[in-house]
Structure formats: structure tokens, C-alpha cells
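J.: Sharing a structure, written as C-alpha cells. Questions coming.
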Amino acid sequence: MAEVTFEIPAPGIIKKGLDGITPHIGENGHWYIGCIDTGVSAAGQDGISAYESAVTGGFTGTLVEFYASLSSIGNINEILNDINGEIL
């Protein structure tokens, strides 16, 4: 394997790197970098639901109560706009 070296610029100095190779998903479902199969599957594993995550995080209500709590947050685009400064 080739040795990789890099330089850390001084604070406040921005350096633009060279354009690289864009990763892509091959016919076998793996990520490729150029023509090299990384062996990493591009398909994620099934995770838990938002409700299950909320319960893990301490939410004690029912699924119906969880859905109701989501409706009480208001317009999600407005909330995200406040956070990100842009509308999705």
C-alpha cells in the first residue's frame, strides 16, 4: 500500500486540494474508488424507528403520543430555516 502524506496548513490559511476520484456504487453494491472495489457495502443496515430511538432516549409515551408530540413542533421548514438559514 502506498504511503499517504499530508500537510496541515497554519491557522487562518486555506489551501485548495486537487480534485480527486469520485466514489461510486458498483454493480455488486459495493463502494468503488476509481476501479478499486473497497469491499464496503453501499446498502445500510435497517435501523430502529424514530419512536424506538425516542424511547431509548427516555420518551415514555405511546406511539400515538409520540406522533402527537411531533405535530406540536410546528412547521419543520421554518425550524430548519432558523437553524440552517435556508429553506429546504
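J.: Under 6 Å between Cβ atoms, which residue pairs at least 6 apart in sequence (or on different chains) link something in region 1-22 that is over 23 Å from I33 (Cα atoms) with a partner that is modelled with pLDDT of 70 or more and assigned to a loop (DSSP other than H, G, I, E, B)?
T.: P9/K15
J.: Can you tell me which residue in region 50-88 is surrounded by the most Cβ atoms within 10 Å (Cβ to Cβ), limited to those that are modelled with pLDDT of 90 or more and in a loop (DSSP other than H, G, I, E, B)?
T.: The selected residue is F59.
J.: Right, next: Starting from residues that are in contact with an Asp or Glu (Cβ under 9 Å, 6 or more places away or on another chain) and surrounded by 12 or more Cβ atoms within 10 Å (Cβ to Cβ), keep the ones in region 16-49 and report whichever is nearest to F6 (Cα to Cα).
T.: W31
J.: Taking the condition of being assigned to a loop (DSSP other than H, G, I, E, B), farther than 30 Å from S69 by Cα and small (G, A, S), how many residues in region 4-49 meet it?
T.: Total meeting the criteria: 9.
The values are calculated or read from the model by the stated rules, or taken from the named source; none is laboratory data. Just so we're clear, the structure is a prediction, and the values are computed from it rather than from any experiment. Note that we place each Cβ from the backbone using ideal geometry, even for glycine, and neighbour counts take in every protein chain shown.
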